[in-house]
Amino acid sequence: MKHYEVEILDAKTKDKLCFLDKVEPNATIGEIKSMFHKSHPQWYPARQSIRLDPKGKSLKDEDVLQHLPVGTTATFYFRDLGAQISWVTVFLTEYTGPLVIYLMFYFRVPFIYAPKYDFTTSKHWVVHLACMCHSFHYMKRLLETLFVHRFSHGTMPLRNIFKNCTYYWGFAAWMAYYINHPLYTPPIYGEQQIRLALIIFLFCQIGNFSIHIALRNLRPPGSKTRKIPYPTKNPFTWIFLLVSCPNYTYELGSWLGFTVMTQCLPVAFFTMVGFIQMTVWAKGKHRSYLKEFRDYPPLRSPILPFVL
Amino acid sequence: MSAAAAGTSKAAHGDVAPKKRRGPGALATAYLVIYNVVMTAGWLVIAVGLVRAYLARGSYHGLYYSIEKPLKFFQTGAMLEVREVMSRVFLTWAVTHSVREVQSEDSVLLFVTAWTVTEIIRYSFYTFSLLNHLPFLIKWARYTFFFVLYPMGVTGELLTIYAALPYVQKTGLYSVTLPNKYNFSFDYHSFLILVMISYIPLFPQLYFHMIRQRKKVLGHIEDYSKVE
């Protein structure tokens, strides 16, 4: 068996960083990253970007050396992606914040509202309902992070956690402040409005969960395969007929429900900003599906049936 | 909601002036030339207006009124250059126009003068650049005058916002209080204070960006003699 030689150069300075001899032809990029890590312990594999061309795309961990367009002495270029943090850590942190923060406003912890309201409870039952819905939503997300989702990337840049937490925690505080305020005004159409909103919210929470389960089942444990999702026996997944990313569709629905339930403008803002971001992601995902699968169902839209 | 994959893209620091690499088409060039000529002319009008009003009155007081209309027009017209100009539009409409009492402040004159000189130089720079005939003097002025004009403008802007604060608090201008059916509130007074605080990180960024640009653009004057 002919062995390969691998040299790794810095993508910017072209300095020779590492030379590996006697590399197996069936070695993967992931294995090469581990070997590189041994000689440069500060660059753990998750923060290595290995490419064939200094300005090219990153190679995948699964790529096999002998299947790459390289000679028996392979030259790779390395770029440091910066400090990385695992997706699971980011999700757990960014979702625990809103859960805790909202409850602090709900229980009217001191220094938020006027002292005479400390530790009092709202007289409106919709405020209690809203707290239950909001808490349920984030507990669901935490549990999904721990037990349901299968991530294709292990890590993301460290600075993302500050950006993401600012977004989630900031909006949670802003919404919670008004909903739990002593001067909160309940919905104009009263019980009817709240009941309708609750039904929408619950429907979409179940829907969102159903999609997450369906997506999980597309992918065997530990794999990173990508397949086209299709409707299953669960009626909540039939929306796959019309939409590529129904998890986002249902998420939008949940927050629209919450907005109507609380009749609170900051919640409407949060819903809108989330919708914009999810639309961007949905369009990207939809484009990837179209690029990767020739037989991708043409009827599907990214996030809103027929519309967007 | 799952977060996006690694990597964010940084928005480019934007000047409207086209880079030498590709260059705009003929129609785009014509549009840009006309736009920049008009903007240069507009800011010249403001400058001339200021000088004439000063000569007529013999004092700096009330000079704002002599140029109020063209200032509003030309500053708002510049909405096309979103970034740096957002703060200017804000200053013009949301502060100076909205709070009558600050219009007679000297700080207003301070930032109007700074903006005027900056913009005349900047738009002539763009105009000449587009016509590929940039006098070195203009390029030099653009990347040197800012040393004084930026701090001058920022000082004027901050002092003006500061002067507006007591009136905003007293009248509750642009503010919304609880209770209301949208369960929303907004305190313009606090917002203005936040705006003032935001100058602390933002102004040094802009300032050092210009210093870096200056080194890049003028750094070669030791190597080459003045080029037309």
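The values are calculated or read from the model by the stated rules, or taken from the named source; none is laboratory data. These figures come from a predicted structure and were not determined experimentally. Positions of Cβ are backbone-derived with ideal geometry, glycine not excepted, and every protein chain shown enters the neighbour counts.
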Suppose the filter is surrounded by fewer than 16 Cβ atoms within 10 Å (Cβ to Cβ), free of Cβ contacts under 8 Å to residues at least 60 places away in the same chain, in a loop (DSSP other than H, G, I, E, B) and basic (Lys, Arg); does A:Lys55 pass it? yes
Whether any residue in the range A:182-199 is in the same structural domain as A:Lys116 (by the TED database), closer than 27 Å to A:Phe147 by Cβ, hydrophobic (A, V, I, L, M, F, W, C) and outside any loop (DSSP other than H, G, I, E, B) is what I want to check. yes
Please count how many residues of the range A:64-82 are part of a loop (DSSP other than H, G, I, E, B) and within 12 Å of chain B (Cβ to nearest Cβ). 2
Residue ID - nearest to A:Asp80 (Cα to Cα), chosen from residues in the range A:135-166 that are aromatic (Phe, Trp, Tyr) and surrounded by fewer than 17 Cβ atoms within 10 Å (Cβ to Cβ): A:Phe162
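Per-residue answers, yes or no, for (1) touching a Ser or Thr at 6+ places or on another chain (Cβ under 7 Å); (2) surrounded by fewer than 19 Cβ atoms within 10 Å (Cβ to Cβ); (3) not in a helix (DSSP H, G or I):
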| site | (1), (2), (3) |
| --- | --- |
| B:Val102 | yes, no, no |
| B:Val108 | yes, no, no |
| B:Phe111 | yes, no, no |
| B:Tyr150 | no, yes, no |
| B:Gly156 | yes, no, no |
| B:Leu159 | yes, yes, no |
Condition met for A:Cys133 (within 16 Å of the chain's Cα centre (by Cα) and outside the structural domain of A:Trp43 (by the TED database)): no
Using the structure shown, decide if A:Thr237 is within 24 Å of A:Cys131 (Cβ to Cβ), among the polar types (S, T, N, Q) and surrounded by 15 or more Cβ atoms within 10 Å (Cβ to Cβ). no
Only listed residue being away from every other protein chain (no Cβ under 12 Å) and more than 28 Å from A:Tyr178 (Cβ to Cβ), chosen from A:Leu142, A:Leu146: A:Leu146
Considering residues of the range A:88-103 that are surrounded by 15 or more Cβ atoms within 10 Å (Cβ to Cβ) and over 16 Å from the mean Cα position of the chain (by Cα) only, the residue nearest to A:Ser152 (Cα to Cα): A:Leu99
If we scan the range B:70-87, do we find a residue that is surrounded by 12 or more Cβ atoms within 10 Å (Cβ to Cβ), of a type in the set (Ser, Thr, Tyr), at pLDDT 65 or above and closer than 30 Å to A:Tyr167 by Cα? yes
From the residues in the range B:153-186 that are within 10 Å of chain A (Cβ to nearest Cβ) and not hydrophobic (A, V, I, L, M, F, W, C), which one is farthest from A:Phe258 (Cα to Cα)? B:Thr177
